[in-house]
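Below: one structure, written as structure tokens.
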Amino acid sequence: MAFQADFNRDSSVPRFGGHKILLVEDSRMFSAVLCHRFQTELGLNVKTCPSLKALQEALAQDPHGYTMAVVDLNLPDSPYGEALDCAIEHKIPAIVFTATFDIATRNRIMERNVIDYVLKDNEFALDNLVGTVRRAILNRKTRVLVVDDVQSARQVLVDLLTAQQYMVVEANSGLEALAALEAYSDIELVVTDHHMPDMSGYELTRRIRHRFGSDKIRVIGVSSSNDRMLSASFLKAGASDFVYRPFVAEELQCRIANNVETLTQLKQLRAAAACDYLTGLYNRRYFYDSGPKVVNQCLRQKAVSSVAILDIDHFKRLNDTYGHEIGDKVLIAVAARLATIFEGSDNLLSRLGGEEFAILFPMMDSHAATKLCDEVRSDLSRLKVSADDEELSVTVSIGVAEIAGYESFENYLNAADQFLYMAKHKGRNMVYSDARMTQEAAQ
């Protein structure tokens, strides 16, 4: 498995190619700026509609092709939110963008179960709207577990979260919640009531924390209790947040969004710590952290695995001759080719440092790994890298060692490194391994 970052190296926001949204806005200035930002910052396809009539025509042509709609509440031919009703009738999730706002307007908007509303009343309005659209699309990949034994109360939370575009799983007891966590490995947030018949939300929180850190799953407690110490108890048990009923929908939305954003930031930090800055592959630290776990899992199943160390031939000479910029270009090209070769596989690919790469092959003996590495070596020998006015060819040497028993991970790599040394000693541009050594000894 090659490394795939959850963020872009230039720190830009995620891009959502393929998503198509409606922008229903009569202001040419707002429409032009938002259309540009949605396209350039988020990679969205945007259909602009300056009126209710234009919206109806767009939906008549393509009634099911839109991920969501951004709708101005008041248009010349839609003074009372008819455009919003039109989008909702077509089951298109909507974000309201409006300059008109009071309590009555707020209630009208919230009754329609929209994703959110953004006000045009400040200089950050456009930033807030772009952020809201981005968050709503990301929510479609975020799974939330709602736990409450009272069906009506649970449904309120489910409807709110579904409107926010989250994937929602329901449980009516603590035991059902624990079973759901086993069934869905991608649950990132748990919203749980306190008073339940089989176990309290407090106890459920404790059990969740015993198995999952707050960097993996966030927990928000909810209760209609008058006990003001309950929130402190939940937080001490490991909850990330707590809300008393009756709650204001916007407050709960914000608390949920903040917790999901925290998880996203933690993922980005983990990705940054695991990523080699130059090639985008997993780095040495990640390989040394994850490799032993993969090996031990194979050994527990009484299965062998293999590890390979790949080294670019004559890399120092290349750097001395063409400079480090071309050397980096070669490293990036080799890494990209390796990532393509191993994409979608269970093999763990990383850059150890310098011109060395490591590959861990779970459930693969030395003979099979040697054959695969020879195919990799042959593929890389056809790689061409441009350097000024010429094209450089790249060859690599690879050492492969089988892992059949419990030893330190360093020992496995040392064995592969010894076979790499032998591959170089025998002339480079080749693969050498314990399997190949055994074959030669038998001849």
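Quick note: the coordinates plus some simple rules give every number you see, no bench work behind them. Source: prediction; values computed, not measured. Methodologically, a virtual Cβ is constructed for each residue, glycine included, from the backbone with ideal geometry; neighbour enumeration extends over all protein chains shown.
A straight chain from V33 to Q301 at 0.36 nm per residue would run longer than the Cα-Cα distance by 90.7 nm. Of R228, R351, R143, the residue with the greatest mean-square motion in the GNM of the chain, using alpha carbon springs below 10 Å, is R228. Given a Förster radius of 45 Å and the C-beta distance between Q56 and A153 as r, what FRET efficiency does 1/(1 + (r/R0)^6) yield to the nearest 0.05? Between Q56 and A153 the formula returns 0.75.
Checking the cross-link pairs K293/K384; K91/K216; K302/K424; K267/K293; K91/K267 against a 28 Å limit on the alpha carbon distance flags K293/K384; K91/K216; K302/K424; K91/K267 as lying beyond it. Rounded if a/c is under 1.5, else prolate if a/b is larger than b/c, else oblate: which is the chain, with a ≥ b ≥ c the root eigenvalues of its Cα gyration tensor? Since a/c reaches 1.5 but b/c is at least a/b, the shape of the chain is classed as oblate.
Shape verdict for segment 20-138, please, from the Cα gyration tensor: rounded (a/c under 1.5), prolate (a/b greater than b/c) or oblate. Note, shape of segment 20-138 comes out rounded. When a/c is below 1.5 the answer is rounded, else prolate if a/b is larger than b/c, else oblate, so apply that to segment 141-274 with a ≥ b ≥ c taken from the square roots of the Cα gyration tensor eigenvalues. Verdict is rounded for segment 141-274. Inter-label distance, E182 to A368: 3.0 nm, where each label sits 7 Å from its Cα along the C-beta direction. Ranked for footprinting exposure by Cβ neighbours inside 10 Å, fewest first, I95, I332 give I332, I95.
Residues I220, I109, ranked from the fewest to the most other C-beta atoms within 10 Å, line up as I109, I220.
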